[in-house]
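Asks: To start, I am sharing the structure in question, which I have written as structure tokens.
The values are calculated or read from the model by the stated rules, or taken from the named source; none is laboratory data. Everything numeric in this text was worked out from a predicted model, so none of it was measured. Positions of Cβ are backbone-derived with ideal geometry, glycine not excepted, and every protein chain shown enters the neighbour counts. Side chains included, ligands, DNA and RNA excluded: accessible areas come from the protein's heavy atoms. Shrake-Rupley method; radii C 1.70, N 1.55, O 1.52, S 1.80 Å.
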Amino acid sequence: MFMEIKIDLKNAGIDKKEIMKYKEQVENIHKDLHRRKDDEKDFVGWLDLPTNYDKKEFKRIQTAAKRINKDSDILLVIGIGGSYLGARAVIEALSSSFYQMQTLKQRKHTLVLYAGNNLNPNYINELIEVIGDKDFSINVISKSGTTTEPAIAFRIFREILENKYGIDEARSRIYVTTDKAKGALKTLSDEEGYETFVIPDNIGGRFSVLTPVGLLPIACAGIDIEKLMNGAKLAQDNYNDSNLKYNECYQYAVLRNILYKDNKTIEVFANYEPKMHYMTEWLKQLYGESEGKEQEGIFPAGIDLTTDLHSMGQYMQEGLRNLFETVISIDNPKSNITINSDDDNLDGLNYLAGKDLDYVNKKAMEGTIEAHVSGGVPNIHISLEKLDEENLGGLIYFFELATAMSGNILGVNPFNQPGVEAYKSNMFRLLKKPGYAAK
Ligand code: PA5
């Protein structure tokens, strides 16, 4: 078992002594989180999850994934926000960048596709076309069981599934991940007898990737979920020290708040690995919904590099100085490629002959960090030894813990999302949903 996450804060321009001023506050928040973690009515269940998960249900997830791999070309994951982003982040990070174009033989497992994360008719129609006559199953995921986007998508694809396989076989191809007792999805699931997985009461959507919410789709994509949990467990052990001096996760959380107070109100997550794009999307949700409230909160943004150096690079270097950058890099890529010498050298690249592409990518990263720091963008650098299940499990836990600590330092409740209701009630009123009166 191996997990290595390195955190480099030296380019953030903040003295360690400044960070250590938060020692007592951090200790108190740590104690408070640990005191609350077993409370069924609170939302801190993720804290102990890597050691405390339901082992029987975990086995059931592995069995269901095997079954889906046997009988389905496609698994349609229907969910939105915390009910799909974590799974997608892990699947994209550990798959080929072109996995959607691979054949089943090349991929060696079911293709995971997503629905219910928007309301766009083109998206749904094109997805129906792609599924065509292929065998598919559905994993519908919703903690509340009432979210409109996934509910509509489920209604559409359930009908397609039933028309294709008949009611009985369709039933065996539907997997529901929801609350253990309440919500429309739970009622429907009980009525129809779908195989159901439980989202624990004390774990909120965006903290739920290591529950069945993320684990079933991830396992279907051929990823070892035991290793993922092991990595999270290593992070749980690693970042369990209440003493800020020894806890790098808490140091990062404190640093974000110091930068925020210094008017650095936007954290830009940067990666140099296209597979990490959805990890950034997950992070945007994790921080955005956890901290953006009461007119407070760092705005989480993301860039894929070096791609976006040719678009957002200009702003990063010389735009409004309210940014700090958190680079997440991978020390050792899964594969590499050497740049060959060319007799004519018309492209002038022979100075790189014999060097590999990862070397060039790393130099681009070092040069960019240097440029951004000297341009007034403080830098935090988080690096993983390699992209695998253990390191990703560790990274997920690291950021969940950092979010909880950071939100508490900021003085907001990181576990609720009252602001999400505003668009919903307007939409329901405009759609004339019963109970939503016209203004
Ligand atoms: O983090 C959260 O709580 C949200 O992003 C939810 O995951 C999202 O709104 C989906 O909710 P539900 O799972 O209830 O459909």
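Asks: Are any residues in the stretch 167-210 charged (D, E, K, R), open to solvent by 50 Å² or more (accessible area, probe 1.4 Å) and away from the ligand (no atom under 14 Å from the Cβ), and if so, which ones?
Replies: D168, E169, R171, D190, E191
Asks: Find the residue count for the stretch 126-152, including only residues that are closer than 21 Å to G204 by Cα and either in a helix (DSSP H, G or I) or away from the ligand (no atom under 16 Å from the Cβ) (or both).
Replies: So the count comes out to 4.
Asks: From the list Y123, Y114, which one is part of a strand (DSSP E or B) and either loosely packed, with under 13 Cβ neighbours inside 10 Å or not aliphatic (A, V, I, L, M) (or both)?
Replies: Y114
Asks: Output yes when any residue across the stretch 140-163 is within 18 Å of the chain's Cα centre (by Cα), open to solvent by less than 30 Å² (accessible area, probe 1.4 Å) and among the small types (G, A, S), and no when none is.
Replies: Yes: the stretch 140-163 contains one or more residues that are within 18 Å of the chain's Cα centre (by Cα), open to solvent by less than 30 Å² (accessible area, probe 1.4 Å) and among the small types (G, A, S).
Asks: Criterion first (surrounded by fewer than 24 Cβ atoms within 10 Å (Cβ to Cβ) and either modelled with pLDDT under 95 or closer than 26 Å to Q417 by Cβ (or both)) does R107 satisfy it?
Replies: Spelling it out, R107 is indeed surrounded by fewer than 24 Cβ atoms within 10 Å (Cβ to Cβ) and either modelled with pLDDT under 95 or closer than 26 Å to Q417 by Cβ (or both).
Asks: Quick check: anything in the stretch 244-262 more than 16 Å from the ligand (Cβ to nearest atom), over 30 Å from M312 (Cβ atoms) and of a type in the set (A, V, I, L, M, F, W, C)?
Replies: Among the residues of the stretch 244-262, at least one is more than 16 Å from the ligand (Cβ to nearest atom), over 30 Å from M312 (Cβ atoms) and of a type in the set (A, V, I, L, M, F, W, C), which makes the answer yes.
Asks: If I filter the stretch 283-307 down to residues being more than 16 Å from the ligand (Cβ to nearest atom) and either of a type in the set (S, T, N, Q) or without any contact (Cβ under 8 Å) to a residue 24 or more places away in the chain (or both), which single residue comes out as least open to solvent (accessible area, probe 1.4 Å)?
Replies: The extreme case among them is T306.
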